[in-house]
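Quick notes on the structure that follows.
All of the numbers you see were taken from the coordinates with simple rules; none came from a lab. Source: prediction; values computed, not measured. All Cβ positions, glycine included, derive from the backbone under ideal geometry; neighbour counts span all protein chains shown.
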Amino acid sequence: MSRTLNALPPLLFAAAALLAWWLVTEFRLVSPVFLPTPARTFDELAGRFADGSIWTSLFATLARMILGWLLASLAGVALGAAIGLTPLARDLLSPTLEFLRPLPASAMIPVAILFFGLSEQMAVFVIAFGSIWPVLMSSVFGFGHVSPRLREVSAALGLTKWEFLGKIATPSAMPDIVAGMRSGLAVSLILAVVTEMQASLPGLGRDIFLAQRSFRGTELYAGLIMLGVIGVAINHGLGLAERRLLRWRARDA
């Protein structure tokens, strides 16, 4: 019952948004060329699923997004552990990272094209570059705020640095790491779409861009709805994974 009550407000808001969309199109407040009706949009989306034309674009976008996110997560956690736990690494890496962090990921697209061309490698590089920062910052915070008592326990047990990292520091920092990975995954979806639009790579981003250029409104909004569904699905999936990975926190609480 509590879950149903919690889900009710978001469902009501979504219904109100659909009603507003229908009213705008029904009374022609916006030209149908620019804003098709909800029925036509969902019919287009259902048709693309029925004829299978959406699967190639969907899988291409998901593959780029996930690969770039995984690379960013691995690099972000590794660098975050080094910076958070090692003063020397913090002194060496922090100035360079602080220089790179404010750069928009989209500004790296021309640089990536110079090195990789209009290729999958270019897209993955840009996605990883933009997605690494939430993971890195969260990892630095998590590893840097390991409890002094845990460090004392590690020293008392005679653990090596690697044993301390694997058995104490990483579990202690895991809540922050997972939070950063969730934020990074949202960024990776955005950048996957941007790179597909910029480099004309197969995917939902290119489909949306071509639909906009050809004034195919139903295809454009069907693509946007699909991206929203992907965002909700991956956020929900990561939320479930987070609750499983960090179920010990609920027991401690």
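Quick notes on this structure:
- Only helical runs count toward this figure. For the chain, summing -39,500 (n - 2.57) over DSSP H runs of n ≥ 4 and dividing by all residues gives -27500 deg cm²/dmol at 222 nm.
- Cβ-based exposure ranking for THR41, THR25, in which fewest neighbours within 10 Å come first: THR25, THR41
- Relative contact order, whole percent, for segment 54-246 stands at 29, derived from Cα pairs under 8 Å and 6 or more residues apart.
- Tensor-based shape of segment 189-253 (alpha-carbon gyration tensor, a/c under 1.5 rounded, otherwise prolate or oblate): prolate
- Separation between Cα centres of segment 89-148 and segment 164-217, rounded to whole Å: 13
- Listed peptides 125-138, 149-162, 100-113 appear in the order 125-138, 100-113, 149-162 once ranked by packing, highest mean of other Cβ atoms within 10 Å at the front.
- Cα gyration tensor shape for the chain, rounded if a/c is under 1.5, else prolate or oblate: oblate
- Here the dipole of the chain is about 560 debye; that uses its Cα centre as origin and unit charges on the Cβ of Lys and Arg (positive) and Asp and Glu (negative).
- A full extension of the chain between PHE116 and ALA14 corresponds to an added length of 32.6 nm, given 0.36 nm per residue minus the alpha carbon distance.
- Divided by 2.2 N^0.38 Å, where N counts the residues, the Cα radius of gyration of segment 169-225 comes to 1.60.
- Where N is the number of residues in segment 38-113, Cα Rg divided by 2.2 N^0.38 Å: 1.76
- Segment LEU23-ARG149, length gained on full extension (0.36 nm per residue, minus Cα span): 39.3 nm
- Of the Cα atoms belonging to segment 12-67, the radius of gyration and Dmax stand at 15.0, 44 Å.
- When you count the other C-beta atoms within 10 angstrom of each residue and take the mean per peptide, 236-246, 205-215, 8-18 line up highest first as 205-215, 236-246, 8-18.
- Karplus-based coupling profile of segment 20-32, in residue order and whole Hz: 4, 4, 5, 5, 4, 6, 5, 9, 6, 5, 10, 4, x, with θ = phi - 60° in 6.51 cos²θ - 1.76 cosθ + 1.60 and x standing for Gly or Pro.
- Here each label is just a point 7 Å from Cα along the line to Cβ, and for LEU92 and LEU157 those points are 2.8 nm apart.
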